[in-house]
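The values are calculated or read from the model by the stated rules, or taken from the named source; none is laboratory data. Being a predicted model, the structure only gives us computed values, none of them experimental. In this analysis, Cβ positions are derived from the backbone assuming ideal geometry, glycine residues included, and neighbour counts consider all displayed protein chains.
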Amino acid sequence: MKSVTFYNGPALKLGLLTSKGILDIEEAGNYFSIEVPTDVRGLIEAGEIEKEAIRLVIDKASVSDRSFFHNDEEVDFGPCVDQPEKILCIGLNYRKHAEESKMPIPTTPIVFSKFANALTGHRSAIQLPEQAEKVDYEAELVIVMKKEAKDISKEEARSYVYGYCTGNDISARDLQFKTGQWLIGKTCDGFCPIGPVLHSDEEIEDPNDLAIKTIVNGEVRQQSTTADMIFNCEEIIAYLSQHMTLKPGDIIMTGTPEGVIMGHPEDNQSWLEEEDEVIVEIEKLGKLQNAFYQKKVENRTADKLPKIPL
């Protein structure tokens, strides 16, 4: 299953990506008097009865004279997971990225966090913080949890996963390294775009072998594969579950490959600036597109961005 969120005025709605477009599942369910999940958390926790109801609504909506579908080019996207209890991030989890950062290869996962204020969606306009001058991109595979997990093994970890999406762990490096704690440079407003599409686990054969790249203003900056991760998805989930209870909808950002701005020589570091366009692309998960601005923009969506297909 492929899902998105989109704005209807101030409200964030759940949409399902189908061959006919983005289905407003709440509107269609109400019209056909079929009870279905109407938010991301409900979709993640849906059992077989709810999934069968979703399939029935999709079938009915597809042949109805009334349209419940939206064109993705017209949608104002939100983050594809909107209310996680936790946003957990793994630092220095790609060998070549650790090497370019001139930091030791970690022997245990380096864990930090972001907060919900950082969440934003595909094509959103992101304001560069006034207090920062060195804003960087980080392409990341994102894991979304399906059910509560505590003290699980890596062999069973994947059965606790709902799905995956594309993410960008945007980082203000000058704020990040002000102290030994990275948090303040990681969770500025809008610094965690995810999406546009949340793909359920059965669609992805092996999350540990996906091509991943970042394109800035048309130039490829990062190009690697999740196979370069030091700790793979299952190892990360198992490790985190030893120290905390993971909950449905929790987000885990799994680290970034080499090619970030911070990894360049100091005299060749060109940080993100006004109207820069950043696309993070992960094989089978799609392209996440954002634009950056010095001043706050009134619209959530960066209208000047070219519309790329989902």
Checklist entry - Under the condition of being free of Cβ contacts under 8 Å to residues at least 12 places away in the same chain and more than 18 Å from residue 198 (Cβ to Cβ), which residue from region 29-46 is surrounded by the fewest Cβ atoms within 10 Å (Cβ to Cβ)? => result 33
Next on the checklist: Give all pairs with beta carbons closer than 7 Å in which a residue from region 220-246 that is free of Cβ contacts under 8 Å to residues at least 60 places away in the same chain and β-branched (Val, Ile, Thr) meets a residue that is assigned to a loop (DSSP other than H, G, I, E, B) and buried (at least 16 other Cβ atoms within 10 Å of the Cβ); count only pairs at least 6 apart in sequence or on separate chains.
Outcome noted: 225/210
Next on the checklist: Filter region 184-194 down to the residues that are out of contact with any Cys (no Cβ under 6 Å at 6 or more places or on another chain) and either outside any helix (DSSP H, G or I) or at pLDDT below 95 (or both) and list them by number.
Outcome noted: 186, 187, 188, 189, 190, 191, 192, 193
Checklist outcome for this item: In the set 68, 77, 177, the lone residue that is among the aromatic types (Phe, Trp, Tyr), surrounded by fewer than 16 Cβ atoms within 10 Å (Cβ to Cβ) and over 17 Å from residue 253 (Cβ atoms) is 177
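Could you list all residues from region 107-166 that are of a type in the set (Val, Ile, Thr) and either under 23 Å from residue 197 (Cβ atoms) or exposed (fewer than 15 other Cβ atoms within 10 Å of the Cβ) (or both)?
Those that are of a type in the set (Val, Ile, Thr) and either under 23 Å from residue 197 (Cβ atoms) or exposed (fewer than 15 other Cβ atoms within 10 Å of the Cβ) (or both): 107, 108, 120, 126, 142, 143, 144, 161, 166.
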Checklist entry - Restricting region 1-26 to residues that are crowded, with 16+ Cβ neighbours inside 10 Å and among the charged types (D, E, K, R), which is nearest to the chain's Cα centre (by Cα)? => result 2
